[in-house]
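In what follows, a structure is listed as structure tokens, so that the remarks can point back to it.
Taken together, the values in this text are just the output of simple stated rules run on the coordinates, not laboratory data. As the structure is a prediction and not an experimental result, all values here were calculated from the model. As a convention, Cβ positions derive from the backbone with ideal geometry for all residues, glycine included, and neighbour counts pool all protein chains shown.
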Amino acid sequence: MKKEIFELFFTKHTLLIFLALDRENWNYAAKVRHEVSALTGGTMYSYVTKRLKDFEDLGLCESRVSGRKHEYRLTPKGRELQKNFISLVGERVREDFRGEKHEY
């Protein structure tokens with residue numbers, strides 16, 4: 001289990017997907033993909049949805065169906081982990097991936 005968690009989070013795209021999730025509100029996978037793609041030059045929608053499912057399986061986010069779309073939001077456990085990642089890497093972690101400043 002620890003190996004899977006390590007491999008899940010320590011890739012650029014996966015970490016950005018996790019950090020792109022709003023702390024309080026529901027997020028569409030397409031919105032998350034768009035934000036990550038803007039920072040990385042492109043991310044497959046299927047990759048984003050797979051990672052969101054992985055986060056859900058780990059209890060870090062929850063999902064609901066809204067019409068034909070799935071929405072995701074962080075659980076309390078996910079918010080705590082996101083907070084810890086931000087404190088570890090800094091509030092402006094995303095600017096490292098693009099060279100532009102993005103407030104988080």
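Remark: relative contact order (region 2-91) = 28 percent; criterion is Cα-Cα distance under 8 angstrom and separation of 6 or more residues.
Annotation: peptides 64-76, 29-41, ranked by per-residue average of other Cβ atoms within 10 Å with the highest first, follow the order 29-41, 64-76.
Can you tell which of Y28, F55, T40 lies farthest toward the positive end of the dipole of region 15-83, using +1 and -1 charges on the Cβ of basic and acidic side chains (Lys, Arg; Asp, Glu)? Of the candidates, Y28 comes out farthest on the positive side.
Proximity of backbone amide H atoms, modeled 1.01 Å from N, is registered between T75 and C61, E62 at under 5 Å, excluding neighbours fewer than 5 places apart on the same chain.
For region 31-43, 3J(HN,Hα) computed residue by residue from phi via the Karplus equation (6.51, -1.76, 1.60; θ = phi - 60°) reads 5, 4, 4, 4, 5, 5, 4, 5, 8, 10, x, x, 8 Hz, glycine and proline entered as x.
Under the convention that each Lys and Arg Cβ holds +1 and each Asp and Glu Cβ holds -1, the size of the dipole of region 2-91 around its Cα centre is about 180 debye.
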